[in-house]
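The values are calculated or read from the model by the stated rules, or taken from the named source; none is laboratory data. Keep in mind it's a predicted model, so treat the numbers as computed, not measured. Cβ placement follows ideal geometry from the backbone for every residue including glycine, while neighbour counts extend to all protein chains displayed. Heavy atoms of the whole protein, side chains included, go into the accessibility calculation; ligands, DNA and RNA do not. Shrake-Rupley method; radii C 1.70, N 1.55, O 1.52, S 1.80 Å.
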Amino acid sequence: MSVARHWQSGPDSSVVDLSSSDGERPAGQLLGEELRRHRERRGYTLASAARAIRGSTSKMSRLERGESPAKPRDVYDLAAFYDLSRKEVAFLDQLLAQAANAEWYERFADVTPVFLKRLIRVEGRAEEITIFENQAVPGLLQTERYAEALVRMMEANALPDAEIARIVALRIGRQLILDQELPRITVVLDETVLQRRRGSADVMGEQMMHLLDAAKRPKVNVRIISKDAVSPPMAITYLQFPDHVPGDLAYLENIEGATYVTRQRSLDNYRKVLTDVRDNAMPRDGSLDAIRQAAEQWAQQAALER
């Protein structure tokens, strides 16, 4: 069966419009609930757990309700007190990191689409993120100037420079998850993304070099697929979560909003599409060569434009 048939949605595709659905619970609340679950499962009282973190019962209660920011030392001390497994601690690690990440994007609430807030909340809890993009470099790997060029291009009405700066800061802030151990990230780019101008030639050259640097990270795999290869007509992001977190999801964004795909049959289709795209992509060395070549071409073009 060709790849093209896999991405076609049927009547049972089960997508959820993020522009109208309820948001995910904050990571701090999820972390508190997880800590409470471990405490209750082991039969400890709030008072005994509070002693493990050198705090009061009220402090422990606020921590479990997600009302107080969790300190890493307290979380790790509780993990040791509850004798959690390595896998359980790894999940707490992800929630802790995501709770910390949440602080920055709340500062940009006035310029953040609802659907993007929800993506940010869940992507930090993923174990692996696979992205296919045929129009632009994904936000997780964009430079500031490339992101600004995209924002200016996509906004029908001119925005004040200060508002554009805040939108760009939000996009760059998402890249905090690149410094976490998880998620692992695979990005497959249609080769036309390397050639499609977003901003000046100098901006493009800088973006290509940034892609090369990102590809050197152990957790990031950047692959290029030929424009002549079979691939889906839309961008797809697939988030795979650890075994103890229910439900993978696929994310499809458009100009007006985005959709979650949650039904297993549809998820299987999107996962197959992304597997085929990755298999059809250039090998790692060939992909890096393609990015280097694009960087050189944009550098030459930038020299001519100066």
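If R197 satisfies all but one of (1) exposed (fewer than 15 other Cβ atoms within 10 Å of the Cβ); (2) touching a Leu at 6+ places or on another chain (Cβ under 6 Å); (3) not aliphatic (A, V, I, L, M), what's the number of the condition it fails?
(2)
Among the residues of segment 143-163, write down those that are within 21 Å of the chain's Cα centre (by Cα) and either surrounded by 16 or more Cβ atoms within 10 Å (Cβ to Cβ) or charged (D, E, K, R) (or both). Step through it out loud before you land on a result.
Quick first cut of segment 143-163, residues within 21 Å of the chain's Cα centre (by Cα) only: 143-151, 154.
Passing the criteria: T143, E144, R145, Y146, A147, E148, A149, L150, V151.
Can you tell me which residue in segment 244-270 is farthest from the chain's Cα centre (by Cα), limited to those that are in contact (Cβ under 8 Å) with a residue 60 or more places away in the chain and within 27 Å of L92 (Cβ to Cβ)? Can you show your working first?
Step one: list which residues in segment 244-270 are in contact (Cβ under 8 Å) with a residue 60 or more places away in the chain, which gives 244-245, 249, 251-253, 255-263, 265-266, 269-270.
If we keep only those that are within 27 Å of L92 (Cβ to Cβ) too, we end up with 244-245, 249, 251, 260, 262.
Numbers: H244: 19, V245: 16, L249: 12, Y251: 10, Y260: 14, T262: 17 Å.
The residue in question is H244.
Quick one: which of N269, N254 is farther than 30 Å from S85 by Cα and open to solvent by 70 Å² or more (accessible area, probe 1.4 Å)? It would help to see each step written out before you state the result.
Numbers: N269 fails: open to solvent by 70 Å² or more (accessible area, probe 1.4 Å).
None of the other options fit; the residue is N254.
When you scan segment 46-80, how many residues do you find that are open to solvent by 80 Å² or more (accessible area, probe 1.4 Å) and more than 31 Å from the chain's Cα centre (by Cα)?
So the first thing to find is which residues in segment 46-80 are open to solvent by 80 Å² or more (accessible area, probe 1.4 Å), and the list is 51, 54, 62, 65, 67, 69, 71, 73, 76.
Filter once more, keeping what is more than 31 Å from the chain's Cα centre (by Cα): 51, 54.
Here the count works out to 2.
Within segment 220-235, can you find the residues that are assigned to a loop (DSSP other than H, G, I, E, B), open to solvent by 40 Å² or more (accessible area, probe 1.4 Å), in contact with a strand residue (DSSP E or B) (Cβ under 9 Å, 6 or more places away or on another chain) and over 27 Å from Q300 (Cβ atoms)? Walk me through how you get there before you give the answer.
Start the filter on segment 220-235 by keeping residues that are assigned to a loop (DSSP other than H, G, I, E, B), which leaves 226-235.
Within this subset, residues satisfying the condition of being open to solvent by 40 Å² or more (accessible area, probe 1.4 Å) are 227-228, 230, 233-234.
If we keep only those that are in contact with a strand residue (DSSP E or B) (Cβ under 9 Å, 6 or more places away or on another chain) too, we end up with 227, 234.
Scanning segment 220-235 gives a single hit, M234.
With the condition being modelled with pLDDT of 90 or more and closer than 22 Å to L182 by Cα, I'd like the strands (runs of 3 or more DSSP E) fully within segment 236-306 carrying at least 2 qualifying residues.
Values: elements: 236-240, 249-253, 258-261.
So the answer is 236-240, 249-253.
Any residue at all in segment 51-59 that's touching a Phe, Trp or Tyr at 6+ places or on another chain (Cβ under 7 Å), modelled with pLDDT of 80 or more and farther than 30 Å from E253 by Cα? Before the answer, list the steps.
Our first condition is that a residue be touching a Phe, Trp or Tyr at 6+ places or on another chain (Cβ under 7 Å); within segment 51-59, this holds for 52.
Right, trim to modelled with pLDDT of 80 or more and you get 52.
Still in the running and farther than 30 Å from E253 by Cα: 52.
Checking segment 51-59: at least one residue is touching a Phe, Trp or Tyr at 6+ places or on another chain (Cβ under 7 Å), modelled with pLDDT of 80 or more and farther than 30 Å from E253 by Cα.
Name every residue in segment 171-193 that is open to solvent by 10 Å² or more (accessible area, probe 1.4 Å) and either part of a helix (DSSP H, G or I) or among the β-branched types (V, I, T) (or both), in order of residue number. Break it down into steps so the answer makes sense when it comes.
Here is the first cut: in segment 171-193, the ones open to solvent by 10 Å² or more (accessible area, probe 1.4 Å) are 171-176, 178-182, 184, 186, 190-192.
Residues satisfying the conditions are R171, I172, G173, R174, Q175, L176, L178, D179, T186, T192.
Which one of L211, L239 is surrounded by 13 or more Cβ atoms within 10 Å (Cβ to Cβ), among the hydrophobic types (A, V, I, L, M, F, W, C) and within 27 Å of K87 (Cα to Cα)?
Details: L211 fails: within 27 Å of K87 (Cα to Cα).
Within the list L211, L239, the selection yields L239.
Quick test for you: out of A156, A169, pick the one residue that is among the hydrophobic types (A, V, I, L, M, F, W, C) and modelled with pLDDT under 80. First the steps, then the outcome.
Values: A169 fails: modelled with pLDDT under 80.
Result: A156 is the single residue among A156, A169 that is among the hydrophobic types (A, V, I, L, M, F, W, C) and modelled with pLDDT under 80.
Please verify whether R217 is crowded, with 19+ Cβ neighbours inside 10 Å and either small (G, A, S) or part of a loop (DSSP other than H, G, I, E, B) (or both), treating the condition exactly as stated.
Working: crowded, with 19+ Cβ neighbours inside 10 Å: no; either small (G, A, S) or part of a loop (DSSP other than H, G, I, E, B) (or both): yes.
Criteria not met by R217.
Return the pairs, sorted by first residue and then second, in which the second residue is open to solvent by 10 Å² or more (accessible area, probe 1.4 Å) and of a type in the set (S, T, Y), the first residue lies in segment 183-207 and is under 30 Å from L92 (Cα atoms), the beta carbons are less than 7 Å apart, and the residues are 6+ apart or on different chains.
Note: pairs meeting the criteria are T186/T130.
Would you check if E128 is more than 21 Å from E256 (Cα to Cα), out of contact with any helix residue (DSSP H, G or I) (no Cβ under 9 Å at 6 or more places or on another chain) and at pLDDT 75 or above?
When the stated conditions are applied, E128 passes them.
It is to be established whether one or more residues within segment 273-281 are open to solvent by less than 30 Å² (accessible area, probe 1.4 Å), among the β-branched types (V, I, T) and touching a strand residue (DSSP E or B) at 6+ places or on another chain (Cβ under 8 Å). Explain how you work it out, then say what you get.
Of segment 273-281, the ones open to solvent by less than 30 Å² (accessible area, probe 1.4 Å) are 273-274, 276-277, 281.
After this cut, where a residue has to be among the β-branched types (V, I, T) as well, the list is 273, 277.
Restricting the remaining residues to those that are touching a strand residue (DSSP E or B) at 6+ places or on another chain (Cβ under 8 Å) gives 273, 277.
Checked segment 273-281: at least one residue is open to solvent by less than 30 Å² (accessible area, probe 1.4 Å), among the β-branched types (V, I, T) and touching a strand residue (DSSP E or B) at 6+ places or on another chain (Cβ under 8 Å).
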